[in-house]
Amino acid sequence: MGAWGPPPAPRPGPAAPPAPRGAGLSRFVRCLYLVGFLDFFGVSMVVPLLSLHIKSLGASPTVAGVVGSLYGLLQLFSSTFVGCWSDVIGRQYSLIACILFSAVGYLLLGMSTSVWLFAIARVPVGIFKHTLSISKALLSDLVSEKERPLVIGHFNAASSVGFILGPVVGGYFTELESGFYLTSFVCSFIFILNAGLVWMLPWSEEHTDSNENEQTTSNSKVTAKANCDLQVKSLVNGAMKYDTPLQSLWIPVGSVLKRIKSIACSDLWDVFLVRLLMSVAVMLYYSNFVLAIEERFGVKPKLTGYLISYSSTLGALAGFLLGPITRLYQHNTYALLLHSTVLTCVLIMLYSTALSIWTVILSSTFLAFSTTVGRTCITDLELTLGGNQASGTLIGVGQSVTSVGRIIAPLLSGIAQEFSPCGPPSLGVGLALVAILIMLVNTPRYCSGRTAKLKSE
């Protein structure tokens, strides 16, 4: 009864079932998969052509290396801040801003006719190219901890599909006159379309479903997103006490710096160190892949490109297999990460000692699988162990660590190539062994943390 009157009389036959609570959430997640696909599709059109373009502008190998490290350096300082900023101002506006500024960077890249303009065009991309990080933080806000590896794995798989198609499309554009410039303009246009897609996402459904998901959890368990909302609400209330806009603007900036400090003083250093070591190891594997294959086995770059696309295809498929794999491991992310790291180390060693191209194909086949699983597991492990931290901040710090690898890997690769084409992957094997040793030493802490979580559940 009440103000709305009596309930309607029941109709004969089965009533139409209500829309499931997660229907809007699932639609929102699928749209984020498309965002990741478009992001990787646009980037992979341009990135393989960067070294050729800067060489055509007259840059020496040393200058090209320095300009190439500029992107990683900017990512190092911006990823933590941008990730934390998305915790404070919200995922929607930070995601749109990052996509649009990245579009500006690729537009400038399409107009670069000198090395200086090329370097300037990399600045906005280096600062704001955090689409995937913010998307993963948003996904971690929306789904439960048990579903998180599966959802992030599917997101990585959808993004990898873009990396399969992008180089092919970019290769066709380069056949045309001024092909690099045309490719950069198309990439910028794709990013603008992606920003429009993010703007049209059903954000109201996302807020409704995420609130319902939080209400179904235990009352004694406060999630990182709830903590973030409380802090933002307190910031808004505190901002009313200030009279000047400058003081109001400093409040979210101060909150960002406090979050970064809390992460830096946490006990997650070993997890981030494992991420750094494995990132550099995999980057060393790919750093001179095309050149080494040509020198060692006489394979032309065109065929090597097909091999890279084949490997990317398998990586995308591996993302869809994460669900059964995590269930097989009973959602033990640490054990899955350790085994995938060991497999990656063995495969890089196999590649560095290969005597035929078929051995390289074999190692590339399984390496695509192990690296896809490893990337997802390390992100999930960071979010699990740092449960009281905001997800955007944690993922941002993880991206900063990866950016350090992007700075270090080209330098180490150049030095190692002075001795042998197999030098970079051989060095990567050593770094992977160190990562495995760190994980083995910290096994009790990982396992005890997981046991405590299972007991609390």
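Below, the figures for the structure above:
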{"quantity": "Residue check, SER112 more than 23 Å from GLU177 (Cα to Cα) and either open to solvent by 30 Å² or more (accessible area, probe 1.4 Å) or small (Gly, Ala, Ser) (or both)", "calculated": "no"}
{"quantity": "Filter result (of a type in the set (S, T, N, Q) and either part of a helix (DSSP H, G or I) or in contact (Cβ under 8 Å) with a residue 40 or more places away in the chain (or both)) within region 56-78", "calculated": "SER56, THR62, SER69, GLN75, SER78"}
{"quantity": "The listed residue being at pLDDT below 80, within 25 Å of CYS98 (Cα to Cα) and either touching a Lys or Arg at 6+ places or on another chain (Cβ under 7 Å) or polar (S, T, N, Q) (or both), out of THR372, THR379, THR304, THR393", "calculated": "THR393"}
{"quantity": "Qualifying residues in region 432-446 (those that are open to solvent by less than 40 Å² (accessible area, probe 1.4 Å) and modelled with pLDDT of 85 or more) - the one nearest to ALA335 (Cα to Cα)", "calculated": "MET439"}
{"quantity": "Verdict on ILE415 being at pLDDT below 80, open to solvent by 40 Å² or more (accessible area, probe 1.4 Å) and among the aliphatic types (A, V, I, L, M)", "calculated": "yes"}
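The rows are residues; the columns are (1) touching a Pro at 6+ places or on another chain (Cβ under 6 Å); (2) of a type outside the set (Lys, Arg); (3) under 21 Å from PHE37 (Cβ atoms).
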residue: THR80; (1), (2), (3): no, yes, no
residue: GLN92; (1), (2), (3): no, yes, yes
residue: PHE101; (1), (2), (3): yes, yes, yes
residue: GLU145; (1), (2), (3): no, yes, no
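The values are calculated or read from the model by the stated rules, or taken from the named source; none is laboratory data. All values reported here derive from a predicted model rather than from experimental measurement. Every residue, glycine as well, gets a Cβ built from its backbone with ideal geometry; the counts of neighbours run over all protein chains shown. Note: areas computed on protein heavy atoms with side chains; ligands, DNA, RNA excluded. Shrake-Rupley method; radii C 1.70, N 1.55, O 1.52, S 1.80 Å.
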